[in-house]
Amino acid sequence: MFEDLSRKLDGVLGRFRQRGLLTEPMIRDGLREVRRALLEADVNFRVTREFLNRVSEKAMGERVLKSVSPGQQIVKIVHDELAHLIGGEGQTELTWSPAPPTVIMLVGLQGSGKTSTAAKLAKRLARQGKRPLLAACDLYRPAAVDQLRVLGKRAGVPVHHEEGATDPVEVARASHRAARSTKADALIVDTAGRLQIDEPLMDELARIRKALDPREILLVADAMTGQEAVRIAEGFDRKLGVTGFVLAKMDGDARGGAALSIHGVTGKPMKFVGTGEGLDALEAVDPRRIAGRILQKGDVVGLVERAQAVVDAGQAAAMQEKVLGRGRFTLEDFLVAMRQVQKMGPLDQLLKMVPGMPRGLSADDVDPKRMKHIEAIILSMTPEERRRPEILNGSRRKRIARGSGRPVAEVNRLMKRFAEMEKMMKRMKGLMPSGVMPSLTP
């Protein structure tokens with residue numbers, strides 16, 4: 001997400017960083033390019049104007065113009081104002097009721113991703129030790145209830161539904177009674193959407209809101225709709241008084257204009273972003289961290305959170321033993337580690353979260369197909385060959401190449417990389433006494 005905007009801003013701010021001295025004309029010229037980058041990213045024009053006014057006011061100050069590092073000062077100003085644009089000082093975390101269950105009502109247009117977002121949010125809360133209950137209140141879309149039940153089962157979260165029900169308000173009330181009786185911490189209500197905002201939809205949602213008195217009303221908007229998402233947000237906020245937003249399908253939006261516009265237009269914070277199809281692909285919004293990712297500063301906290309969500313603690317502990325030398329790191333271990341990384345999301349997304357990672361990586365470096373090719377090569381080996389790669393002579397490598405459908409040169413390249421990794425781990429063992437290496441487990 002934000003790839004286009006990130007690339008353009010990096011080019012503009014890179015020129016600021018190279019200057020030993022900045023003048024007001026230089027700043028004005030640079031901010032014109034920033035304006036062009038924001039508008040091309042589909043950021044709302046009013047939000048863009050206000051953003052540039054704030055940056056310009058701070059950047060023209062005497063302390064910045066005569067600073068020892070004026071370019072870095074301007075980068076910091078842009079970073080701070082981007083964070084303000086995304087969430088400001090608003091509450092981006094969920095607000096919990098004093099007495100459970102906390103009711104979280106998800107609203108939005110049909111096809112925005114409400115049902116999958118409900119399941120993702122439920123799984124996220126369950127992972128945090130909460131006891132969520134999902135409520136199937138979309139009674140109009142064919143198979144909506146069944147979809148939520150399937151997703152709830154995958155997430156390990158119960159789903160309240162009423163067979164043959166026709167009144168979503170009554171289902172909502174029944175789900176609230178069920179949440180109280182089962183001592184659930186949160187009731188996540190999946191509501192019906194329409195292809196456009198209409199009065200019947202809003203009347204129904206208003207009746208559900210009145211029946212449940214939700215602590216959170218989260219609008220789920222499709223990030224790929226661009227400025228239309230902003231107009232939708234204004235309409236729902238005007239009618240229901242939403243408390244925050246979830247931008248779904250952010251992995252498919254390279255521009256990010258909706259994400260940078262909704263808070264500026266409505267004043268309500270963005271609380272979550274959907275970054276993929278998996279049930280773990282929902283990230284809490286930290287405005288400063290997202291601003292850092294846009295400016296290519298990385299996001300170590302986000303990277304750790306992804307690892308904690310998907311990495312198996314037992315496998316990670318075993319891997320640490322191998323690294324410290326109390327076992328041998330094999331191709332089987334390499335395959336396990338590679339699969340763990342794949343669970344964390346697309347490799348190109350992960351690399352952008354690492355501070356200082358070079359941005360000039362080729363498409364081959366982050367091609368998911370390449371990971372599949374490596375997996376095919378390793379799986380074409382016998383168990384003994386995976387445990388003892390030193391026995392892989394020329395004839396064995398030819399057999400493995402035939403079995404995996406890859407050229408022998410690719411097999412050789414993998415073995416060379418693996419040998420380099422083994423050497424690196426041996427050096428780590430020599431440098432780190434037992435107990436010094438940081439834990440690899442979440």
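What accessible area per residue comes out for region 121-174, rounded to a whole number of Å², with a 1.4 Å probe?
Result: 52 Å² of accessible area for each residue.
All other residues with a Cβ under 11 Å from the Cβ of Pro407 taken together, and with Lys, Arg as +1 and Asp, Glu as -1, what is their net charge? Write out the running numbers ahead of the final one.
On the way: positive: Arg397, Lys398, Arg402, Arg406, Arg413; negative: Glu410.
With Lys, Arg at +1 and Asp, Glu at -1, the neighbours total +4.
If packing is taken as the average count of other Cβ atoms within 10 Å, what order do 399-407, 263-271, 105-113 fall into, highest mean first? The partial results should precede the final answer.
Details: 399-407: 15.8, 263-271: 20.0, 105-113: 22.4.
Top to bottom by mean Cβ count within 10 Å: 105-113, 263-271, 399-407.
Tell me the net charge near Ser395. Cut-off is 13 Å between Cβ atoms, Ser395 excluded, with +1 for each Lys or Arg and -1 for each Asp or Glu. Numbers along the way, then the final one.
Values: positive: Arg396, Arg397, Lys398, Arg399, Arg402; negative: Glu385.
Local charge sum for Ser395: +4.
Using the Cβ atoms and a cut-off under 10 Å, what net charge is assigned to the surroundings of Thr243, where Lys and Arg are +1 and Asp and Glu are -1?
The answer is +1.
The values are calculated or read from the model by the stated rules, or taken from the named source; none is laboratory data. Predicted, not measured: the structure shown is a model, and the values here were computed from it. So basically every Cβ, Gly included, is an ideal-geometry build from the backbone, and we count neighbours across all protein chains shown. Ligands, DNA and RNA are stripped out before the accessible areas are found, and what is left, the full protein with its side chains, is counted by its heavy atoms. Shrake-Rupley method; radii C 1.70, N 1.55, O 1.52, S 1.80 Å.
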